[in-house]
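Asks: Would you mind keeping the following structure in view while I ask a few things?
The values are calculated or read from the model by the stated rules, or taken from the named source; none is laboratory data. Because the structure is predicted, anything quoted here is derived from the model rather than measured. Reconstructed Cβ throughout: ideal geometry from the backbone, glycine too, with neighbour counts over all protein chains shown. The area values use the complete protein model at the heavy-atom level, side chains included, leaving out ligands, DNA and RNA. Shrake-Rupley method; radii C 1.70, N 1.55, O 1.52, S 1.80 Å.
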Amino acid sequence: MSSKSANGYTINNNNIQSSPPTSPRNRQNCRRRLRRRGSFAMLHRRNFLLLVSVLYFTGLISCIGPLFSLLQFSGLATGAVYRSHEIFQKLWTDIEADNSSSIQLSSVWIYKRKLKEQRPCSFGTTASTKDSPGANLYLIVDANGGLNQQRSSICNAVVIAALLNATLLIPRLEFHNVWRDSSEFGEIYDEDHFMSTLKDYIEVVKELPTELMERYNSNISNIQNLRVQAWAPPRYYLEEVYPVLFKQRVVRISPFANRLSMHLPSHLQFLRCFANYEALKFSLAISELAKKLVKRMTERSSNSGGKYISVHLRFEEDMVAFSCCIYDGGQVEKSEMDVVREKGWGKKFKQKYRVIAPGLNRKNGKCPMTPVEVGMMLRGMGFAKDTPIYLASGKIYQADRYLAPLRKMFPLLQTKETLATKDELAPFEGYSSRLAAVDYLVCLFSEVFVTTQGGNFPHFLIGHRRYLFNGHAKTIKPDKIKLVTLLQNTSTSWIDFKDQMGAMLAESDRKGIMVPRVKKFTRKGSIYSNPLPECRCLWESKRSTNRSNSYLMVDH
């Protein structure tokens with residue numbers, strides 16, 4: 001404890017230290033010097049902290065690249081590098097000679113799905129809006145994405161129109177610079193069937209009333225557009241959207257993909273099922289071409305009892321580019337993919353801090369499977385050389401090169417281009433969604449469906465097949481993480497590879513009969529990929545009235 005006396009002495013406990021008294025001028029100069037020193041010290045401290053921060057972040061950024069390279073390097077033996085063509089060449093002699101464990105298509109699927117549903121079925125619980133006070137309210141949606149993402153949007157629009165007691169304008173299909181399909185609703189789906197099938201639940205119109213259009217200068221784009229949160233619950237539409245709709249009489253929601261929760265009350269979920277499996281019927285042009293292709297595929301599969309496999313392959317140019325995966329095309333492939341990414345997504349893949357790690361993508365099973373990988377997998381599972389296969393795909397990247405090994409393994413491989421004549425395909429050229437719809441229908445009636453990449457197409461198709469065949473899915477979903485590991489090991493023998501593929505098929509079958517029990521309702525647990533038991537009431541009503549499938553009338 002210290003104190004200062006009046007004569008300038010400082011008393012510090014047991015000792016006394018003398019200090020000369022300071023004059024007022026000296027005190028002021030001292031204070032100035034101290035302030036200057038403090039300012040300089042603070043400035044140096046700030047500069048030091050700034051320098052340390054800059055060095056830290058510079059070091060962090062410089063380490064990211066080597067870190068990812070290290071991670072990829074450490075995983076070279078576990079699937080980070082594409083070597084499938086190399087392994088195919090090594091094993092081809094054994095593959096060609098092997099017909100020892102051929103699978104018969106008629107017995108490839110031995111399981112039956114057991115469904116337990118305790119809730120009673122109820123029909124017609126969603127009231128019609130035709131004679132209700134809200135019938136002069138109108139809902140407009142812009143369905144965005146590819147064919148099946150748009151399909152999801154359309155089903156959700158039907159539910160929301162019923163929920164809001166509004167009339168639905170035929171959904172508008174948004175043009176995307178990747179899919180590049182300018183088709184309108186009526187060019188993909190049967191408009192009249194859609195409207196008439198839903199008439200007991202909601203009213204659907206092709207045009208808005210004239211007086212309403214005049215209010216907006218005959219331009220739908222002038223109508224107020226609401227930005228709705230993703231996966232919004234019904235309550236959100238009643239509390240946030242309906243007041244605007246009631247005031248304006250018409251609202252537009254764009255974009256509309258994934259704008260309604262997967263979890264809905266049973267009567268609304270029924271309407272979603274009804275829209276998907278009853279109201280949405282492909283246009284006559286699409287259905288007629290698909291019917292021809294199914295018939296031709298069946299005829300060319302006579303040695304297999306008219307049964308065939310369908311494979312959904314996502315090795316198109318845009319998918320390869322978007323995945324940022326590296327195959328074996330070297331600098332030419334890299335340059336081509338850079339151009340595709342720039343064209344489709346602008347500067348998205350060139351953002352300053354975006355990290356692209358092809359090796360990690362491949363290790364994690366996120367790279368599109370190549371045709372040779374699909375072929376080796378199926379031959380390894382036991383499908384014989386003469387198994388008929390329908391390949392559903394867009395334009396394959398470097399098709400001549402990449403399809404050659406698959407054709408060697410399965411000479412009966414067909415596509416819509418090989419089954420249809422040029423004249424038959426001509427009206428569909430340049431319309432990716434219409435071509436995808438044709439693929440969808442041919443895959444729908446195959447004995448086995450093989451999905452290779454995920455996405456909306458297989459999710460909807462798997463669900464549709466489960467719905468048609470009472471849960472009897474007949475789908476192969478490969479374990480891609482395991483597969484890329486096997487297809488990088490150059491010492492793998494054909495016998496070992498076959499054993500692994502047999503186990504993979506058994507696991508795929510086991511999972512195929514499971515009904516996911518998920519707490520959070522996402523696409524994986526949605527009624528689009530798992531329609532039973534939630535769509536069971538609709539399925540039973542179809543059986544009770546002996547109504548045939550409205551998607552495609554074929555003898556299969």
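Asks: Under the rule of at least 5 residues apart or a separate chain, name every residue whose amide H is placed under 5 Å from the amide H of residue 475.
Replies: Close amide H contacts, sequence-distant or interchain: 449.
Asks: On to the next question. Taking H as built 1.01 Å from N, whose amide H comes closer than 5 Å to the amide H of residue 253, not counting residues under 5 places away?
Replies: Those qualifying (amide H under 5 Å, at least 5 residues apart or on another chain) are 140, 141, 142, 226.
Asks: Between residue 229 and residue 335, what length in nm is gained on full extension when 0.36 nm per residue of separation is reduced by their alpha carbon distance?
Replies: Taking residue 229 through residue 335 to full extension adds about 34.4 nm, to one decimal.
Asks: Let me ask something additional. When Lys and Arg each count +1 and Asp and Glu each count -1, what net charge do the other residues less than 9 Å away from residue 410, Cβ to Cβ, add up to?
Replies: Taking every Cβ under 9 Å from that of residue 410, the sum is +3.
Asks: Now a separate question. Ranked from highest to lowest mean number of other Cβ atoms within 10 Å per residue, what is the order of the peptides 459-467, 339-347, 82-90?
Replies: Ranking, from highest mean packing down: 459-467, 82-90, 339-347.
Asks: Which net charge results when you count Lys and Arg as +1 and Asp and Glu as -1 among the other residues whose beta-carbon is under 15 Å from that of residue 192?
Replies: Result for the local shell: -4.
Asks: A further question on this structure: Quick check on segment 258-362: take the gyration tensor over C-alpha atoms, sort the square-rooted eigenvalues as a ≥ b ≥ c, and tell me if it's rounded (a/c under 1.5), prolate or oblate.
Replies: Oblate, because a/c is 1.5 or more while a/b does not exceed b/c.
Asks: Also: Taking 0.36 nm per residue of sequence separation and subtracting the Cα-Cα distance, how much length would be gained by fully extending the chain between residue 211 and residue 364, in nm to one decimal?
Replies: Values: separation 153, 0.36 × 153 = 55.08 nm, distance 5.58 nm.
That pair, residue 211 and residue 364, stretches by 49.5 nm at full extension.
Asks: First check a/c for segment 128-254, with a ≥ b ≥ c the square roots of the eigenvalues of its C-alpha gyration tensor; if it is under 1.5, answer rounded, and if not, answer prolate when a/b is larger than b/c or oblate otherwise.
Replies: Judged from the Cα gyration tensor, segment 128-254 comes out rounded (a/c under 1.5).
Asks: Could you point to the residue in 269, 358, 320 farthest towards the positive end of segment 261-372's charge dipole, with +1 and -1 charges on the Cβ of Lys/Arg and Asp/Glu respectively?
Replies: Value computed over the given set: 269.
Asks: Another question about this same structure. Over segment 271-380, what percent of the accessible surface lies on carbon and sulfur atoms, probe 1.4 Å?
Replies: Carbon and sulfur together cover 52 percent of it.
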